Ligand SMILES: Cc1ncc(COP(=O)(O)O)c(C=O)c1O
């Protein structure tokens, strides 16, 4: 099996650690180890310091699996498998799909969500988004038309990377109902769950609603801990769980011992950590409304109700790929063009989770004023002003 180059990862490999600013990251501001340890109880701190650095349990630390299960209704620790988040995409696709299977997947989406199925020889149908006046929409009637008698898996991701789309509860329940009616494996990537800006908007987890769902979650995005490399798969179907664990023996085998205890500290405090993330995203949405609102002829964008990202349109003659190349070279700002996610149109991904976003936007401003011969906008009101002397 040969995978196509992973375009987003290649893009970030090139720029993430060399360009000083970015406006397209998908995570929330990562914590330092020191910061995370301030959340630790005395017992957890001791557990961390006295940790035995042997191999860990292959399904994951029992306490960690219990903490993950406790964040979901009707889920037991035995339904949880600890994984590295990206491994959590690889295992189900690789172990449960075969050449010739029909798979329905959202488009655009994180490349591995469809590329592994494509490389396996599956036939793909894309559930495509529509742009509406106030944002993005995935139409469930359209999804229904894509499902065939030979469809084996439906792959969804809400809140969605890259549009930030979060369906209504009614629409989400219809999606799950479709999976149930057609006996599909429902792979639900919920890695951006828990950052709904209003908790009332949080959807149930697919694993709570449907036995043949496999849910991917993790600490990378909404907990500010991508460097721990801790995620989880949850399924109530013992047969599916068995297949996933068989395949895990060919990938990581077991988790990293220090990361497991640090993850436990994070999950003991998950409400505080996700509140921190929501707060950062909300503040950044305020900055972006101010910033992009001053350039209505150059940008279009809508703001997500959950998650950390959205898609913004560059309303200019200049192709967004060229814009991205120029702005990173001249202003040191990384901007991810949506074409890297194989999405047509002059869009780029806007990440709302980093506390450094205002500084990055302050470097976008002179670049766009000069490039598009715009009159500099009037200074921002006190309090929103950004110091560029960094
Ligand atoms: C939708 C989605 N799923 C899975 C992942 C994988 O997470 P990680 O990069 O932490 O392995 C990502 C990362 O960007 C993602 O956006």
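Checking each residue of the stretch 210-222 against the condition of being surrounded by fewer than 19 Cβ atoms within 10 Å (Cβ to Cβ) and in a helix (DSSP H, G or I) gives no match.
Checking each residue in the stretch 150-172 for being closer than 10 Å to residue 206 by Cβ and either surrounded by fewer than 23 Cβ atoms within 10 Å (Cβ to Cβ) or away from the ligand (no atom under 16 Å from the Cβ) (or both) picks out only 172.
Of all residues in the stretch 102-131, which are part of a helix (DSSP H, G or I) and more than 10 Å from the ligand (Cβ to nearest atom)? Those that are part of a helix (DSSP H, G or I) and more than 10 Å from the ligand (Cβ to nearest atom): 114, 115, 116, 117, 118, 119, 120. Show the residue pairs that are 6+ apart or on different chains and have beta-carbon atoms under 7 Å apart, the first residue being within the stretch 79-107 and outside the structural domain of residue 243 (by TED's automatic domain parsing), the second being within 13 Å of the ligand (Cβ to nearest atom). Within 7 Å, no pair qualifies. The test for being more than 16 Å from the ligand (Cβ to nearest atom) and outside any helix (DSSP H, G or I) holds for residue 99. Of all residues assigned to the stretch 250-257, at least one qualifies as being over 22 Å from residue 66 (Cα atoms) and surrounded by fewer than 15 Cβ atoms within 10 Å (Cβ to Cβ).
This table checks each residue for (1) surrounded by 17 or more Cβ atoms within 10 Å (Cβ to Cβ); (2) under 22 Å from the mean Cα position of the chain (by Cα); (3) modelled with pLDDT under 95; (4) in a strand (DSSP E or B).
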position: 35; (1), (2), (3), (4): no, no, no, no
position: 43; (1), (2), (3), (4): no, no, no, no
position: 54; (1), (2), (3), (4): no, no, no, no
position: 59; (1), (2), (3), (4): yes, no, no, no
position: 87; (1), (2), (3), (4): yes, yes, no, no
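Can you spot a residue in the stretch 294-313 that is in a helix (DSSP H, G or I) and surrounded by fewer than 19 Cβ atoms within 10 Å (Cβ to Cβ)? Checking the stretch 294-313: not a single residue is in a helix (DSSP H, G or I) and surrounded by fewer than 19 Cβ atoms within 10 Å (Cβ to Cβ).
Exactly one residue out of 276, 180, 193, 174 is over 23 Å from residue 54 (Cβ atoms), under 21 Å from the mean Cα position of the chain (by Cα) and in a helix (DSSP H, G or I), and it is 276. Residues of the stretch 136-148 that are in contact (Cβ under 8 Å) with a residue 12 or more places away in the chain and outside any strand (DSSP E or B): 138, 140, 142, 143, 144, 146, 147, 148.
The values are calculated or read from the model by the stated rules, or taken from the named source; none is laboratory data. All figures in this text were calculated on a predicted structure; none of them were measured in a lab. Please note: Cβ atoms are built from the backbone with ideal geometry, for glycine as well, and neighbour counts cover all protein chains shown.
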